[in-house]
Amino acid sequence: MRTHDKHVLMCTGPRCTPDGQGSEAMFLHLGRTIDACEGLRAKRTRSHCFAVCKEGPVMVVYPDGVWYRKVSEADVERIVCQHLKGGSPVEELIFHKTGIGDIETEPQA
């Protein structure tokens with residue numbers, strides 16, 4: 001197992017996207033994006049239901065306890081670059097923080 005500072009769990013369904021296909025594709029994209037960041041110490045793990053159905057793909061970053069929902073390919077790339085590599089969570093994409101609860105965010109345009 002590679003040494004890591006961040007652990008990303010991603011729900012791959014099956015209920016968060018039709019047949020889990022969208023979430024599985026996003027999980028694979030996450031892997032490619034992490035691998036493309038040389039020196040990034042992040043591990044990803046496929047998970048099943050996070051009980052936030054129809055909000056997927058859902059991604060959780062630990063030890064930060066930051067939850068992202070409805071992530072797109074562009075969101076994944078931004079989260080990897082800004083949060084995993086840069087250390088700054090992408091605040092406008094967060095919907096829940098462990099120990100704090102749900103976060104109110106402005107609707108995306």
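Here are some notes:
- Normalising the average separation of contacting C-alpha pairs (under 8 angstrom, six or more residues apart) by the number of residues puts the relative contact order of the chain at 27 percent.
- Sites HIS7 and GLU104, calculated FRET efficiency, Cβ-Cβ separation with R0 25 Å, nearest 0.05: 0.45
- Projection of the Cα convex hull of region 1-103, averaged over all directions and equal to a quarter of that hull's surface, yields 6.0 nm².
- Projecting label points 7 angstrom from Cα along Cα→Cβ for CYS81 and ARG41 puts them 2.3 nm apart.
- Helical mean residue ellipticity (222 nm; -39500 (n - 2.57) per DSSP H run of 4+; nearest 500) of the chain: -6000 deg cm²/dmol
- Counting only protein heavy atoms and a probe of 1.4 Å, the accessible surface of the chain is 51% carbon and sulfur.
- Lysines with Cα under 17 Å of LYS6, excluding same-chain neighbours fewer than 8 positions away: LYS43, LYS85, LYS97
- Loop trypsin sites (Lys or Arg not before Pro), region 37-109 (other Cβ atoms within 10 Å of the site Cβ: 14 or fewer; DSSP): ARG41, LYS54
- Candidate aspartates and glutamates for bridging to LYS54, where Cα separation is under 15 Å - those fewer than 8 sequence places away on the same chain excluded: ASP19, GLU24
- Förster radius 25 Å - calculated FRET efficiency between ARG32 and PHE95 (Cβ-Cβ, nearest 0.05): 0.55
The values are calculated or read from the model by the stated rules, or taken from the named source; none is laboratory data. Keep in mind it's a predicted model, so treat the numbers as computed, not measured. For neighbour counting, all protein chains shown are included, and Cβ atoms are generated from backbone atoms with ideal geometry for every residue, glycine included. Heavy atoms of the whole protein, side chains included, go into the accessibility calculation; ligands, DNA and RNA do not. Shrake-Rupley method; radii C 1.70, N 1.55, O 1.52, S 1.80 Å.
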